[in-house]
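The values are calculated or read from the model by the stated rules, or taken from the named source; none is laboratory data. Note that this is a predicted model, so its numbers are computed, not measured. Glycine also receives a Cβ, built like all others from the backbone with ideal geometry; neighbour counts cover every protein chain displayed. When the accessible area is computed, the model is the full protein with side chains, heavy atoms only, and any ligands, DNA or RNA have been set aside. Shrake-Rupley method; radii C 1.70, N 1.55, O 1.52, S 1.80 Å.
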Amino acid sequence: MDIQAEAIAIAVLTIFLFLALCAALVLVTVALRTPAAAPLGVAGGLVVLCLIVVAVLPYDVPVLFGAILAVLGTALATLGGNPFTRWILGVADGGRTAEGPRGGILVELMADSAAATPPRQEEILRGGTTIGYLERASVTLGILAGFPGVVAVVVALKGVGRFTELATPAARERFIVGTMASLLWACAVAGVIRLAIW
């Protein structure tokens with residue numbers, strides 16, 4: 001392949017990645033308030049398509065455009081993981097788990113049978129939205145910087161920090177499913193950028 005054809009192929013790849021990631025960012029932003037399957041499915045499909053394209057094609061995006069894609073990808077990974085994770089959690093529990101006013105979930109605590117009091121609800125896993133944004137940003141930036149071990153560090157920190165709140169089955173399920181969905185989204189988007197640049 002001559003130099004001109006290679007330059008055209010790199011330009012087409014760069015434009016495709018930019019437009020696809022912009023479209024995915026718009027779709028996840030639309031689904032940010034209320035996660036919906038259609039926009040999130042299309043956004044996820046675009047991310048997977050980009051991942052396949054950069055894994056198959058032997059071209060690297062030029063450094064300047066790579067930096068632009070890195071910023072775009074970090075925004076998509078960080079913001080897009082929120083509606084994606086919430087949608088996956090809703091599918092996993094069938095919408096049975098109520099969300100609390102402070103970003104956690106409401107679980108029913110066992111009533112004291114001796115006192116004959118009715119069961120009460122307590123909000124656990126508070127701050128999950130903020131933690132999710134931070135974990136996705138950390139994982140994405142770590143992968144882009146060439147340190148994929150950041151995933152293990154984030155999982156360890158979350159596990160230690162949330163250990164005392166994982167007493168109920170609902171909390172354990174939400175923690176595992178939410179963490180896996182959040183990290184899957186962040187790693188997929190970061191993988192697109194990493195493979196496109198290097």
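The table that follows gives values for the structure above.
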| read-out | value |
| --- | --- |
| Yes/no for Arg174 being modelled with pLDDT of 80 or more and in contact with a strand residue (DSSP E or B) (Cβ under 8 Å, 6 or more places away or on another chain) | yes |
| Members of region 124-139 found to be open to solvent by 80 Å² or more (accessible area, probe 1.4 Å) and either of a type in the set (Ser, Thr, Tyr) or modelled with pLDDT of 85 or more (or both), listed by number | Thr130, Leu134 |
| Candidate set: region 175-198, residues that are open to solvent by 50 Å² or more (accessible area, probe 1.4 Å) and assigned to a helix (DSSP H, G or I); chosen: the one nearest to Val54 (Cα to Cα) | Leu195 |
| Near pairs, Cβ below 8 angstrom, 6+ apart or cross-chain, from region 19-33 (of a type in the set (Ser, Thr, Tyr)) to any residue that is part of a helix (DSSP H, G or I) and open to solvent by 10 Å² or more (accessible area, probe 1.4 Å) | Thr29/Leu79 |
| Pair list, Cβ < 9 Å and 6+ apart or interchain, from region 166-178 residues that are of a type in the set (Val, Ile, Thr) to residues that are in a helix (DSSP H, G or I) and surrounded by 15 or more Cβ atoms within 10 Å (Cβ to Cβ) | Val177/Thr85; Val177/Ile88; Val177/Leu89; Val177/Ala92 |
| Restricting region 66-81 to residues that are surrounded by 19 or more Cβ atoms within 10 Å (Cβ to Cβ) and more than 16 Å from the chain's Cα centre (by Cα), the residue that is modelled with the highest pLDDT | Leu69 |
| Condition check for Val155: β-branched (Val, Ile, Thr) and at pLDDT below 90 | no |
| Residue list for region 1-15, restricted to those being over 20 Å from Gly66 (Cα atoms) and in contact with a helix residue (DSSP H, G or I) (Cβ under 9 Å, 6 or more places away or on another chain) | Met1 |
| Total residues in region 89-106, condition outside any loop (DSSP other than H, G, I, E, B), free of Cβ contacts under 8 Å to residues at least 40 places away in the same chain and within 14 Å of Gly178 (Cβ to Cβ) | 2 |
| Residues that are at pLDDT 70 or above, among the acidic types (Asp, Glu) and in contact with a strand residue (DSSP E or B) (Cβ under 8 Å, 6 or more places away or on another chain), drawn from region 82-123 | Glu99, Glu122, Glu123 |
| Selection status of Arg33, charged (D, E, K, R) and buried (at least 19 other Cβ atoms within 10 Å of the Cβ) | no |
| In region 140-174, the residues that are of a type in the set (A, V, I, L, M), open to solvent by less than 80 Å² (accessible area, probe 1.4 Å) and in a helix (DSSP H, G or I) | Ile143, Leu144, Val150, Val151, Ala152, Val153, Val154, Val155, Ala156, Ala170, Ala171 |
